[in-house]
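Below you'll find the structure, written out as structure tokens, and then a few comments.
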Amino acid sequence: MSGFVVGLTGGIGCGKSTIATLFADLGVGYVDADIVAREVVLPGTPCLQTIVQRFGNTILQANGELNRHKLRQHIFSHASDKAWLEQLLHPAIRQQLLEQLHTLTSPYALLVAPLLLENKLNQYVQRVLVIDLPESLQLERAMTRDAANAEQINAIMAAQMSRTQRLKLADDIITNDSSLSELPAKVAALHKQYLLQATSQ
């Protein structure tokens, strides 16, 4: 396992995946909590079976996969179900993330997670890198990307840590409020810094 892990986080629509891909282009291995969150509820997994036991088969799509959109809509208006789901999924996601991190062999690795700080995943990392942008731009980008309305995106943003709190806990910050062409240079500078930190441990 890479001994040095950087936690990459930021609110919805801030560009975490884009920046993780730029690090990957430089040879950095990463695990992504959003991808793992989908893997732990694939057909045949214990988590999906438990979800179906609670909500019934109507929570599934015709192909047997979880209807994530329907579940998301339900839990945002049912706090007890949301808490139950988090208690089921967060430990399973954490275990998978750590197992996947152990398989990475790059000089350092990224742990990409929108709720890195909220779910205390930062205890497994040496640095916290926050991708930041103004909340108005965050809302606009997330609505465009997810074809969602402002109410849905605002509800997700409200469930995440505030921008101010997140920035207080950051070791490093990439501001992603302008063009994509500026990101590779910002990533390259941090990559150089992380390589030095990883080798001097």
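The values are calculated or read from the model by the stated rules, or taken from the named source; none is laboratory data. Bear in mind the structure is a predicted one, so any value in this text is a computation, not a measurement. Here the Cβ positions follow ideal geometry from the backbone for every residue, glycine too, while neighbour counts run over all protein chains shown.
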- Considering only residues of the range 143-195 that are modelled with pLDDT under 90 and of a type in the set (Lys, Arg), which is surrounded by the fewest Cβ atoms within 10 Å (Cβ to Cβ)? Arg145
- Query: Residues of the range 1-21 being in contact with a helix residue (DSSP H, G or I) (Cβ under 9 Å, 6 or more places away or on another chain), farther than 18 Å from Val128 by Cβ and in a helix (DSSP H, G or I), which ones?
  - Reply: Thr18
- Which ones in the range 47-60 are farther than 19 Å from Glu99 by Cα and either in contact (Cβ under 8 Å) with a residue 24 or more places away in the chain or in a helix (DSSP H, G or I) (or both)? Leu48, Gln49, Thr50, Ile51, Val52, Gln53, Arg54, Phe55, Asn57, Thr58, Ile59
- Message: If the requirement is being of a type in the set (Gly, Ala, Ser), on the phi < 0 side of the Ramachandran plot and in contact (Cβ under 8 Å) with a residue 60 or more places away in the chain, which of these qualifies: Gly11, Gly27?
- Response: Gly11
- Message: So, in the range 148-183, exactly how many residues are farther than 12 Å from Gly10 by Cα and in contact with a Lys or Arg (Cβ under 7 Å, 6 or more places away or on another chain)?
- Response: 1
- Task: Only residues that are crowded, with 19+ Cβ neighbours inside 10 Å, assigned to a helix (DSSP H, G or I) and not aliphatic (A, V, I, L, M): list them for the range 22-46, please.
- Result: Phe23
- Query: Could we say that Ala83 is loosely packed, with under 12 Cβ neighbours inside 10 Å, among the aliphatic types (A, V, I, L, M) and in a helix (DSSP H, G or I) here?
  - Reply: yes
- Can Leu71 be described as touching a Leu at 6+ places or on another chain (Cβ under 8 Å), modelled with pLDDT of 95 or more and not in a strand (DSSP E or B)? no
- Within the range 14-24, the residues that are within 22 Å of Asn154 (Cα to Cα) and either free of Cβ contacts under 8 Å to residues at least 60 places away in the same chain or among the basic types (Lys, Arg) (or both) are Lys16
- Query: Does Gln152 count as polar (S, T, N, Q) and more than 30 Å from Lys70 (Cα to Cα)?
  - Reply: no
- Residues that are more than 16 Å from Gln197 (Cβ to Cβ), in contact (Cβ under 8 Å) with a residue 12 or more places away in the chain and surrounded by fewer than 20 Cβ atoms within 10 Å (Cβ to Cβ), drawn from the range 96-121: Gln96, Leu98, Gln100, Leu101, His102, Thr103, Leu104, Thr105, Leu115, Glu118, Asn119
